[in-house]
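Taking it in order: structure first as structure tokens, then the write-up.
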Amino acid sequence: MSNKSFERLMPQRSFGVFKMSKGSLTGYNFLYESPNCWRKFYLSKVLNLEPEHPPYYFPFGTAIHEGMEAFYSDGFDEAKLTTTFEDSMDESYKLFDREQFNELVSTGKSMINHWVNKWAEHDRRTYEVVETEVEHEKDLPNSHLFTFKIDRVLRNKETRVEYIFDTKTTQSSVTRTYHTARLGDQATAYLWGYEKAVAFVVDILYKKGRVTDCQRYEIVRTKQDIQAFLSSTMNKTEYISNAVAAVEQGGDPFFYFPRHGGYSCQFSCPFSDICRNNIPTSYVPVGFKRKEQ
Ligand code: SF4
């Protein structure tokens, strides 16, 4: 694919699809965030559209993650966890009405308190921090460069064994969140990409109504799991490269990135009002904005 000719089709260089030439970056989120519907993938990752008002759980999840990062990178500092969470939520204040905002802050603080009581001292005694929120990249066998960002890597002080930790906040169910991680490709991708770790630990913070819970589960992968992941990832990158090239040459985006109207539409798909429309690449539909790169 020629980058130049692609730019003619996509006047802003920031379009995600611009990155899909051989040897270019292919992020974990890029490939797996919208796996159920190619049309959603096209709108989100190729045209780079996102709703002006994202669902509440985006800024909320970000605030929890930023709090966790502060906790680990500032010497297991519990106060930093809470203040960083609050500061991050304050930045997205405009997205919520006052009642909803106060409820989210209260929910987050309750989750954090529960988590701190259960894990903060344990982690301080058990682990040393190897890294937090670091972008990694690694070559796929088909020459695409795969990128992924790990929440944190912790090393057991006694055994010297390293673990990848990933924070999940949920109102759904601890068990379902664990099984989603167990069955999905994220753990496989990260364990393939960061070979020094022996396991992927899903660190779950749950709150619904008055019930608060925190649980951790270790996920390990076999060589066969890794091989299966690589095969499907290479297949996806090849498909996307070819589809992008076809669209660049005038192919119909509906054909190369088809709708999957069904199961995944139910989960508050932000594109449900526009996904049947033919959207010119330079056009930003009302209620949407172009993602910053
Ligand atoms: S509403 Fe359904 S068909 Fe449309 S983009 Fe979303 S998941 Fe795909």
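For the pair the range 46-74 / the range 193-213, the C-alpha centres are spaced 16 Å from each other. Modelled label positions at I226 and V211, each set 7 Å beyond Cα in the direction of Cβ, lie 3.8 nm from each other. Run through the DSSP bridge list for the range 57-227 and note the antiparallel percent, rounded to the nearest 5. The answer is about 75 percent antiparallel. Each Cα pair under 8 Å and six or more residues apart adds its sequence gap; the mean of these over the residue count of the range 57-227 is a relative contact order of 18 percent. Cα axis of helix 98-115 to longest principal axis of the chain: angle in degrees, 0 to 90, nearest 10? Once rounded, one gets 60 degrees. Between G262, G61, G108, the residue with the greatest mean-square fluctuation in the GNM of the chain (Cα pairs under 10 Å linked by springs) is G262.
Using a Förster radius of 25 Å, what is the FRET efficiency between V284 and Q249 based on their Cβ-Cβ separation? Nearest 0.05, please. Mind dumping the intermediate values first?
Working: r = 24 Å, r/R0 = 0.95.
Computed FRET efficiency for V284 and Q249 comes out at 0.60.
Between the helical axis of 223-248 and the longest alpha-carbon principal axis of the chain there is an angle of about 40 degrees.
Which GluC sites (Glu not before Pro) in the range 184-267 sit in a loop by DSSP (not H, G, I, E or B) and have at most 14 other Cβ atoms within 10 Å of their own Cβ? Present the calculation step by step, with values, prior to reporting the outcome.
Details: sites: E195, E218, E238, E248; in loops: E195.
Sparse-neighbourhood loop GluC sites (Glu not before Pro): E195.
Below 8 Å between Cα atoms, with a sequence gap of 6+, how large is the relative contact order for the range 55-121 in percent?
Normalised by residue count, the contact order of the range 55-121 is 33 percent.
Modelled label positions at D273 and E218, each set 7 Å beyond Cα in the direction of Cβ, lie 4.8 nm from each other.
Looking at the chain, the DSSP beta bridges with both ends there are about 70 percent antiparallel. The separation of the range 131-183 from the range 219-279, counted between C-alpha centres, amounts to 22 Å.
For the chain, modelled as a Gaussian network with Cα springs under 10 Å, which listed residue fluctuates most, A228, A197, A187? Answer for the Gaussian network model of the chain: A228. Among Y72, Y56, Y206, the largest mean-square fluctuation in a Gaussian network model of the chain (Cα springs under 10 Å) belongs to Y56.
Loop-located trypsin sites (Lys or Arg not before Pro) across the range 194-293 with a Cβ neighbour count of 14 or fewer within 10 Å are K196, R210, R276, K291, with loop assigned by DSSP. Annotation note: trypsin sites (Lys or Arg not before Pro) in the range 96-187 located in DSSP loop regions with a Cβ neighbour count of at most 14 within 10 Å are K157, R160. Taking the square roots of 5 times each eigenvalue of the Cα gyration tensor of the chain, largest first, gives ellipsoid semi-axes of 34, 25, 17 Å. Once divided by 2.2 N^0.38 Å, the Cα radius of gyration of the range 57-227 becomes 1.07. Using only the Cα atoms of the range 201-293, build the gyration tensor, take square roots of its eigenvalues as a ≥ b ≥ c, and label the shape rounded, prolate or oblate: rounded if a/c is under 1.5, else prolate if a/b is larger than b/c, else oblate. In terms of gyration-tensor shape, oblate.
Values quoted throughout were computed directly from the atomic coordinates according to the rules given, and no laboratory measurement underlies them. Note that the structure is predicted; figures quoted are calculated from it, not measured. Note that each Cβ is placed from the backbone with ideal geometry, even for glycine, and that neighbours are counted across all protein chains shown.
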